[in-house]
Each structure stands twice: as C-alpha cells, then as structure tokens.
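Everything below concerns the one structure shown next.
The values are calculated or read from the model by the stated rules, or taken from the named source; none is laboratory data. All values reported here derive from a predicted model rather than from experimental measurement. Because the Cβ atoms are built from the backbone with ideal geometry, glycine has one as well, and the counts that use them run over all protein chains shown. Just so you know, the surface numbers come from the protein's heavy atoms only, side chains and all, with ligands and any DNA or RNA stripped out. Shrake-Rupley method; radii C 1.70, N 1.55, O 1.52, S 1.80 Å.
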Amino acid sequence: MSDGAMILIILAALIAVPTVTVFTVLAVNRSVRNRKNAVYTGETKGTVSKIVDKGLDFPWIIHVKYCVDGINYEIKETAKLKSSPVKAFGIPIGQKKTFVLGSVQTGDTVTVRYDKNNPQKAVIYGNDGIMTG
C-alpha cells in the first residue's frame, strides 16, 4: 500500500472514530430518555427550587421539588439548552443559549413525570432536548 493511501486511511479513521462515538452516545441518551418517558407515567407539578450555573464549561443544573401521595421529593437534572442567533442589523454575530423548557426561574412550576412504583425516580417533562414548535 502506498504512503498516500495509508495517510488517507489514517485521516479517515481520525474523523470517523470520534463521529461514531458522539452519535452512539447521543443515540443511547435518547433511548434512555424514551424508556423513562414510557415508564414514568405518573405526572405532578413541581417547583423549581434552585438553578445552578457552574460557569461556561459546565452545564446548568435545575433542582425541582415535587410531592407524591404526601411525600416530598427533589430531583436535579442537567438543563437542556437550545441555540438562537444573536443578530446586529440582520447579521448573525453570535448565539444565545436558552433552556428548552423556556424561561425558567426559581419558584416556577414545571411538570414532573415519575415512576408510579417508585416516585423518587422522575424526570422534568419537556427537558429532553427535543424542540417542538
């Protein structure tokens, strides 16, 4: 095999391996979330108790308190974000990250879906990264 062909194979592998890895992780994450949405059929309202911003290199964490059958629970989830362009005179100059849930602040009410057999297992409904509308 020639040196040129070997270099092309190496470069293709350097591109393919991380790409396949990222798509695999995303597929597994989506599968886990879909399974939770299927199993967590109980639904209640929860109150956002805290939103933690740990800085640019770390995700936002949303803490939600909710009550099922008179027992209080708290969950925390990484907030899923969506990007929207920031424009000056119609020219994109950057992007702004916002919560997929919309404008959420401490004290706001969100929907919590939980496992009816084990209410401490729950997810914040709508915080799955799937943007609708």
Exercise. Of Val104, Val123, Val86, which has the largest mean-square fluctuation in a 10 Å C-alpha GNM of the chain?
Worked result: Val86
Problem set entry | Among Val112, Ser31, Ile10 - extreme Cα towards positive end, dipole of the chain, charges at beta-carbon | Val112
For this session: Tell me what the chain gives for mean residue ellipticity at 222 nm when only DSSP H runs of n ≥ 4 count, each as -39,500 (n - 2.57), the sum divided by the residue total, rounded to 500 deg cm²/dmol.
Result: -10000 deg cm²/dmol
Problem set entry | Under the Debye formula (equal points on every Cα, no solvent term), log10 I(q)/I(0) of the range 58-133 at q = 0.16 Å⁻¹ | -0.67
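Can you give the charge dipole size of the chain about its Cα centre, rounded to the nearest 20 debye, using +1 on the beta carbon of Lys and Arg and -1 on the beta carbon of Asp and Glu?
That gives the chain a dipole magnitude of about 260 debye.
Quick check for me: using +1 on Lys/Arg Cβ and -1 on Asp/Glu Cβ, what's the dipole size of the range 61-133 about its Cα centre, in debye to the nearest 20? All intermediate terms of the calculation are to be shown ahead of the outcome.
Details: 10 positive and 6 negative charges, 65 e Å.
It comes to approximately 320 debye.
Please report the orientation-averaged projected area of the chain, defined via the convex hull of its C-alpha atoms, in nm².
Working: hull surface 52.4 nm².
Spelled out: convex hull of the Cα atoms, projected over all directions, averaged, 13.1 nm².
Given a Förster radius of 25 Å and the C-beta distance between Val28 and Glu77 as r, what FRET efficiency does 1/(1 + (r/R0)^6) yield to the nearest 0.05?
Values: r = 17 Å, r/R0 = 0.68.
It comes out at approximately 0.90.
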Exercise. What figure in square angstrom, to the nearest 10, would you give for the accessible area of Tyr66 with a 1.4 Å probe?
Worked result: 10 Å²
Problem set entry | Accessible area expressed per residue, the chain, with surrounding protein chains retained (probe 1.4 Å, Å²) | 71 Å²
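Could you sort Lys36, Lys97 by accessible area so the largest value comes first, with the probe set to 1.4 Å? If you can, show how the numbers build up before the last one.
On the way: Lys36 80, Lys97 120 Å².
Listed by decreasing accessible area, they come as Lys97, Lys36.
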For this session: Would you work out what percent of the accessible area of the chain, with all protein chains in place, is carbon or sulfur (probe 1.4 Å)?
Result: 59 percent
